[in-house]
Structure formats: structure tokens, C-alpha cells
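Heads up: the structure comes next, in C-alpha cells.
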């Protein structure tokens with residue numbers, strides 16, 4: 001894959017960067033996070049106007065027909081300013097699920113609404129007891145009349161409180177850890193029996209725990225084939241890992257720039273700290289680590305469209321570990337280089353650190369993914 005941006009991709013990146021430069025200073029972001037929604041609805045509307053919400057969707061759904069590389073560029077730009085809007089759960093996670101498993105009617109209705117900015121999605125798969133095991137689903141869906149009834153709970157659903165629809169995984173057959181028997185359902189977030197408890201995550205983004213009690217859905221709300229939802233869930237997680245890897249790269253770029261500038265202005269023992277060789281070496285290490293992370297994020301992006309599921313899973317695992325390690329080193333070094341100010345709420349670098357730490361554990365911590373890679377050679 002050629003990662004040199006095309007002219008259209010450069011224009012996309014320039015327009016996104018320009019818009020974020022005007023609307024997403026650190027002070028503005030703090031204001032957005034303090035609102036009831038936890039983000040700025042006006043910014044969401046601007047995303048729709050720029051075509052970002054329909055970026056990966058086909059033109060027939062109001063999209064631009066982009067792919068993983070375009071998402072990578074956008075998420076990298078988002079990472080540089082720590083965007084709070086529910087782009088990731090709606091366009092990346094929810095959009096991937098609908099594109100992968102949705103029928104023609106579902107795609108037409110849902111993807112079109114996402115592209116125009118009138119629909120936000122939440123991907124509700126994780127359960128409290130499951131840790132990172134995608135097959136550990138105890139939420140149930142049982143046949144009742146001409147539809148289904150869902151019972152169970154989901155946890156840490158990104159922007160779950162703001163979602164208009166939830167994509168919920170539930171077990172329709174089999175035992176707790178069986179690969180088969182998991183089905184995806186489209187559930188109206190305001191449906192009877194759906195309870196949402198929203199909260200602020202450690203990185204200032206919003207999440208929610210979802211309780212489902214006797215929630216009725218129809219056959220038209222089934223996303224994909226009954227009992228065959230795991231493959232779609234795996235594709236959604238892979239897309240999520242690739243997108244957040246790109247976001248981490250953007251965050252590392254911002255932290256490196258802040259740290260370099262700070263080293264030029266912070267005076268210690270009569271000289272800017274950037275004049276000391278040990279600081280220069282650390283700055284060089286941070287930059288090299290950032291570029292290593294960038295190459296791993298590119299690997300994840302390149303892998304998304306690989307039809308070989310085994311090779312795709314291997315490359316995604318490598319990228320997840322590599323980007324996580326890079327983000328941890330750069331963010332910890334940035335905080336350390338800033339000294340005490342780096343730990344304060346009033347200074348931006350600590351917020352980047354927290355976002356990178358949340359991403360590192362999203363969809364599985366490093367130990368989980370290293371074990372997956374180790375299992376391949378046993």
C-alpha cells in the first residue's frame with residue numbers, strides 16, 4: 001500500500017486540520033468537556049458539513065467512498081487535539097458493523113443518517129465479566145413471537161449515553177464461551193427496558209453502562225446472520241484498533257511538539273533545559289519512538305482490507321502492542337520532561353498522557369495481545 005497521501009487526501013487533512021485549529025484549542029476543549037453532552041454538537045455538525053461522518057461510506061449513502069487510509073488521516077488529526085465528539089463509536093465502530101453485516105435496507109437507513117449527522121451509534125459488546133474475551137457473552141436474546149427479547153448488561157460503551165441506536169451483542173444459542181451463537185441487534189437507545197448510566201472516563205471522554213431488561217426487538221433489527229455475529233465483532237475491533245493507533249500517533253506528535261517547545265523556554269541552572277545533552281537525547285528518543293509507532297499504525301491500516309483473517313489478526317496484534325508501547329514511552333517521557341506542571345489539570349500534556357493510557361488498554365492490554373502473539377508459536 002502506498003502511504004504517500006494523494007492530492008484528495010492532502011486536501012482532506014488540510015481542511016480537517018484547519019477546522020480543528022480554529023475550534024479545538026485546549027481551552028475550548030475544556031469547555032466542550034464541561035457541557036452536558038461532553039462534546040460540542042456544533043462541532044459534530046461541522047464534521048457532517050465537511051463530509052467526515054460519511055467518509056468511509058459509499059456515495060449511494062451520502063458518503064465519500066473513503067477507506068482505512070482516510071480514516072487514519074482523520075484520526076491522527078483528532079489525536080493531535082484530543083477530539084471529544086463521538087466520531088469513533090459512530091463512524092468507525094458502528095459504521096464498520098453496519099457495512100460488514102447490514103442488509104441493503106439497514107445500510108441505506110443507518111449509513112445515510114450517520115453521514116448527514118442525524119444518527120449516533122454506540123457499540124455495546126463488552127461485559128463486566130468478559131475482560132477482553134470477545135466470546136464471553138452472557139447477555140441473552142430469546143425468541144418471542146415474531147421477534148426477540150434481550151436481557152443483560154454492557155459496560156464502558158463509548159458515548160453510550162449520547163447514542164441514538166445501540167449495536168448490542170447477545171447470545172441466541174450455545175454456551176458462554178462458544179464462538180457460534182452470538183447475534184448482533186440494532187436497539188433504539190430510548191426503547192422500553194433500556195437503562196443507561198453515563199459517566200466521564202479518565203481521559204475526559206464519555207461512556208455508559210447499559211442495562212437491558214426485557215427489551216423487545218424485531219427480526220428487522222437483527223444485524224447480519226443469527227448466531228454468526230462474532231466475525232463482525234472481530235472486524236469492528238480490528239477497525240477500532242487501527243483507528244486508535246492513528247489517534248495515538250497524533251497525540252504523540254502533539255506531545256513531542258509541546259515538549260520540544262518547553263525545553264526551549266524552561267530555564268534551569270541559567271540555561272534552557274534543551275541545551276543539555278541528556279535532554280536532547282531524550283527528545284531524540286521520543287521522536288524515534290513516535291516514528292516507530294507511526295509505522296505500526298500504518299501496518300494496522302494496511303491490514304484492515306487483508307482478506308487473510310489469520311494474517312490480519314497477527315498484524316493487528318503486532319500493531320496494537322507496538323503503538324501501545326510507543327504511546328506509553330512518549331507520554332510518560334513528556335510528563336517527566338515537563339516536571340510538576342505536567343501532572344496538573346491546567347496543562348495539556350497530562351491529558352494526552354491519560355488518553356494514550358486509555359487507548360493502550362482499549363480492546364485489550366499489552367499482556368493480552370502479547371499472549372495472543374505467543375500462542376501463535378506454541
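Read-outs: derived from the displayed coordinates by stated rules, not from any lab. Here the structure is a predicted model, which means the values were calculated and not measured. Reconstructed Cβ throughout: ideal geometry from the backbone, glycine too, with neighbour counts over all protein chains shown.
Below is a table of values for the structure above.
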item	result
Percent RCO, i.e. relative contact order, over segment 231-375, from Cα pairs under 8 Å lying at least 6 residues apart	29
Overall dimensions of segment 7-120 as given by Cα atoms, namely Rg and Dmax in Å	13.9, 43
Hull volume in cubic angstrom per residue (convex hull over the Cα atoms of segment 122-228)	88
Protection proxy ranking of 348-355, 135-142 - average other beta-carbon atoms within 10 Å, highest first	348-355, 135-142
Gyration tensor (Cα) of segment 316-355, equivalent ellipsoid semi-axes in angstrom	24, 10, 4
FRET E, pair residue 377, residue 180, Förster distance 25 Å, beta-carbon r, rounded to 0.05	0.40
Between segment 231-276 and segment 107-180, the alpha-carbon center distance in angstrom	33
Tail beyond 23 Å, pair distance distribution of segment 231-375 (Cα, percent)	39
Least to most buried among 333, 6 (fewest other Cβ within 10 Å first)	6, 333
Range of Cα positions in the chain per principal axis (Å), largest first	79, 51, 40
Contact order relative to length of segment 122-228, as percent, for alpha carbon pairs under 8 angstrom and 6 or more apart	32
Two-site label geometry, residue 191 and residue 15: point separation in nm, points 7 Å out along Cα→Cβ	3.6
Contact order relative to length of the chain, as percent, for alpha carbon pairs under 8 angstrom and 6 or more apart	15
